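Step one of this worksheet: look at the structure below.
The values are calculated or read from the model by the stated rules, or taken from the named source; none is laboratory data. Not measured: the values here are computed from a predicted model. Every residue, glycine among them, receives a Cβ derived from its backbone with ideal geometry; neighbour counts consider all protein chains shown. Keep in mind that these areas ignore ligands, DNA and RNA; they rest on the heavy atoms of the full protein, side chains included. Shrake-Rupley method; radii C 1.70, N 1.55, O 1.52, S 1.80 Å.
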Amino acid sequence: MDARLPYGLLSEDYSLPKRRHIKMRVQLLNAFWRATGGLQRRSFHSSCYCSGVVDGRKPAVPTEKKITIGDVTYERDSWTNITPKVLEHLGRNLHLQQYHPLAFLKRRIENFFYKNYPGRSRSPLFTLFDNLNPVVTTEQNFDSLLVPADHVSRAKSDCYYLNENYLLRAHTSSHQVELIRMGMNNFLVVGDVYRRDEIDKSHYPVFHQMEGVRLLTKHDIFRNENLATELPIFDPNGLRTAEKQETHTLDAVYILTKSLKTCLNELCQELFGKDVEIRWVEAYFPFTHPSWEIEVKFQGEWLEILGCGIMEQKLLVNAGADDKIGWAFGLGLERIAMKLYGIPDIRLFWSVDSGFLHQFQVDDPYTPITYKAVSQYPQCINDISFWLPADGTFTSSDFYDLVRSIGGDMVEQVSLVDEFHHLKKSRWSHCYRIVYRHMQKTLSQEEANKIHKLIEEAATRDLRVEIR
Ligand code: DAH
């Protein structure tokens, strides 16, 4: 898929009837964020599906003037949209637990890099960073990665901002430049990442990514290929084409791409088995060119598992590594772990219920485990319909956050099932279907109704909708 395509599509689609338009936006969203996003349904650009709304009212945000995380206090401002519910996930560090499917998957990928890339004097070539602070600056999350200032992925409707300058990282790529600046050439970053989203079995506002970066000098490139003559890797007068950046020679990019493809093909085989079918699909990221997404065939379906590419040379120059060229990738752990362990619902990763955790109480991360549902509790389904405020400040992501803040993990899914425009009133109406299901017990309809009532009240108060 050429990820540049949707920019074109989007501008034309505005002429479509609203209902169809929403459907297409959702399809684009899915296509875009599937690669690595939450749960990796989205690659970095998916957010371009949204109309770039960067203001809007924030529900369920406490009104204290400051937010304290660890020892650091952040002043609120008009960008603040972090919710207490989301803040509760900070520090859970599922990937650092001894017995957890995400930690097992992380260790398997880590081991793959240690085994395949031995460094000097038997220490591994790749260094792992798995405890970096998830609070990052907009510089780290966007600017250092060459994300344009007006790019829609910065929208408040997509990220959790503490204030104008700080947010919870939306991807582990945020740490690339600081680590390169520190002198790291080969490293992995694992951590929790945060994106505002709709709610269903495979989407959660917090998920985990692993980032990999490998930098090579001219000497490394040609020595690794056993080539006696070293050719130039930089071209001062080059042109940017589909195959390469302006500053790179085709020889260098060819060898670097081969190194990237060998590494990631072998990683996919390691995780999904020697015979796995793999396809490389052209993609677009602001921080790599050329870029790809990798899909693997799992139980008959193509599954996008990561985004990758040749790192933009400008990024390396800014990070002080102008004599090197490199590749990078970012993959989502939940999406892969759900397939490998047959975990049907992303909320289960956060479960502290022994019914879940006991199934992963093994010392060897390579133990094949297929998750068995402890029991299936019934769902309660309630609809909520309301008129939107006339001033256009309502956004669906605000509503999803409000639902999540009040219903917590009892909400399995929220979807926009209907919308219409009342000509006389000149107002829009939305109807959302909320599916409630408790993970550990049967939720009675009365209990669901109580939560539903609270959601109605909060939406009226905080989002200024009018319940119909
Ligand atoms: N950060 C991207 C995302 O979250 C994934 C990604 C793509 C990471 C390409 C990379 C890369 O390092 O080179 O969607």
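Answer with yes or no whether residue 406 is modelled with pLDDT of 90 or more, surrounded by 15 or more Cβ atoms within 10 Å (Cβ to Cβ) and either β-branched (Val, Ile, Thr) or closer than 19 Å to residue 348 by Cα (or both). Show your work before the answer.
Numbers: modelled with pLDDT of 90 or more: yes; surrounded by 15 or more Cβ atoms within 10 Å (Cβ to Cβ): yes; either β-branched (Val, Ile, Thr) or closer than 19 Å to residue 348 by Cα (or both): yes.
Taking the combined requirement at face value, the residue satisfies it.
Criterion first (assigned to a helix (DSSP H, G or I) and either open to solvent by less than 10 Å² (accessible area, probe 1.4 Å) or modelled with pLDDT of 95 or more (or both)) does residue 321 satisfy it?
Details: assigned to a helix (DSSP H, G or I): no; either open to solvent by less than 10 Å² (accessible area, probe 1.4 Å) or modelled with pLDDT of 95 or more (or both): yes.
Considered against the rule, which asks whether it is assigned to a helix (DSSP H, G or I) and either open to solvent by less than 10 Å² (accessible area, probe 1.4 Å) or modelled with pLDDT of 95 or more (or both), residue 321 comes out as no.
Determine whether residue 395 is closer than 18 Å to residue 419 by Cβ and among the β-branched types (Val, Ile, Thr).
On the way: closer than 18 Å to residue 419 by Cβ: yes; among the β-branched types (Val, Ile, Thr): yes.
So residue 395 fits the description; yes.
Please identify the pairs in which a residue from the stretch 103-131 that is more than 21 Å from residue 192 (Cα to Cα) has its Cβ atom under 6 Å from the Cβ atom of a residue that is open to solvent by 60 Å² or more (accessible area, probe 1.4 Å) and assigned to a strand (DSSP E or B), counting only partners at least 6 apart or on another chain.
Taking only residues 6 or more apart or on different chains, the pairs are 114/124.
I'd like the full set of residues that are of a type in the set (A, V, I, L, M), more than 8 Å from the ligand (Cβ to nearest atom) and in contact (Cβ under 8 Å) with a residue 40 or more places away in the chain, limited to the stretch 300-319. Before you say what the answer is, go through the steps one by one.
Narrowing the stretch 300-319 to residues of a type in the set (A, V, I, L, M): 303, 305-306, 310-311, 315-317, 319.
Those left that are additionally more than 8 Å from the ligand (Cβ to nearest atom): 303, 305, 310, 315-317, 319.
Across the stretch 300-319, the qualifying residues are 305, 310, 315, 316, 319.
Which is aliphatic (A, V, I, L, M) and assigned to a helix (DSSP H, G or I), of 443, 454?
Details: 443 fails: assigned to a helix (DSSP H, G or I).
The conditions single out 454.
Taking the conditions exactly as written (surrounded by fewer than 19 Cβ atoms within 10 Å (Cβ to Cβ), away from the ligand (no atom under 15 Å from the Cβ) and in a loop (DSSP other than H, G, I, E, B)), does residue 92 satisfy them or not?
Values: surrounded by fewer than 19 Cβ atoms within 10 Å (Cβ to Cβ): yes; away from the ligand (no atom under 15 Å from the Cβ): yes; in a loop (DSSP other than H, G, I, E, B): yes.
Yes, satisfied.
Would you point out which residue out of 263, 159 is within 16 Å of the ligand (Cβ to nearest atom) and in a loop (DSSP other than H, G, I, E, B)?
On the way: 263 fails: in a loop (DSSP other than H, G, I, E, B).
The unique qualifying residue is 159.
Surrounded by fewer than 21 Cβ atoms within 10 Å (Cβ to Cβ), more than 16 Å from the ligand (Cβ to nearest atom) and among the charged types (D, E, K, R): is that true of residue 277 in this structure? Spell out how you get there, then give the answer.
Values: surrounded by fewer than 21 Cβ atoms within 10 Å (Cβ to Cβ): yes; more than 16 Å from the ligand (Cβ to nearest atom): yes; among the charged types (D, E, K, R): yes.
Judged against the criteria, residue 277 is a match.
Scan the stretch 440-460 and report the pairs whose first residue is closer than 17 Å to residue 413 by Cα and whose second residue is surrounded by 14 or more Cβ atoms within 10 Å (Cβ to Cβ) and small (Gly, Ala, Ser), with Cβ atoms within less than 6 Å and a gap of 6+ or a chain change.
451/407
Among the residues of the stretch 228-242, are any within 16 Å of the ligand (Cβ to nearest atom) and open to solvent by less than 40 Å² (accessible area, probe 1.4 Å)? It would help to see each step written out before you state the result.
Residues of the stretch 228-242 within 16 Å of the ligand (Cβ to nearest atom): none.
No, the conditions are met nowhere in the stretch 228-242.
Only residues in the stretch 353-371 that are in contact (Cβ under 8 Å) with a residue 12 or more places away in the chain count as the first member; pair them with residues that are β-branched (Val, Ile, Thr) and open to solvent by less than 50 Å² (accessible area, probe 1.4 Å), Cβ under 6 angstrom, at least 6 apart or cross-chain, and list the lot.
Going by the 6 Å Cβ cut-off, the qualifying pairs are 371/343.
So if I check each of 221, 199, which one is within 21 Å of residue 326 (Cβ to Cβ) and open to solvent by less than 70 Å² (accessible area, probe 1.4 Å)? Give the derivation first.
Values: 199 fails: within 21 Å of residue 326 (Cβ to Cβ).
Within the list 221, 199, the selection yields 221.
Looking only at the stretch 326-346, count every residue that is open to solvent by 10 Å² or more (accessible area, probe 1.4 Å) and assigned to a helix (DSSP H, G or I) and tell me the total.
Within the stretch 326-346, residues that are open to solvent by 10 Å² or more (accessible area, probe 1.4 Å) and assigned to a helix (DSSP H, G or I) number 4.
Out of 140, 176, I need the residue that is without any contact (Cβ under 8 Å) to a residue 60 or more places away in the chain, more than 24 Å from residue 409 (Cβ to Cβ), within 13 Å of the ligand (Cβ to nearest atom) and buried (at least 17 other Cβ atoms within 10 Å of the Cβ). Which one? Walk me through how you get there before you give the answer.
Details: 176 fails: without any contact (Cβ under 8 Å) to a residue 60 or more places away in the chain.
Criteria check complete, one pass: 140.
What do you reckon, is residue 297 farther than 24 Å from residue 170 by Cα, assigned to a helix (DSSP H, G or I), of a type outside the set (S, T, N, Q) and more than 20 Å from the chain's Cα centre (by Cα)?
Working: farther than 24 Å from residue 170 by Cα: yes; assigned to a helix (DSSP H, G or I): no; of a type outside the set (S, T, N, Q): yes; more than 20 Å from the chain's Cα centre (by Cα): yes.
In short, no.
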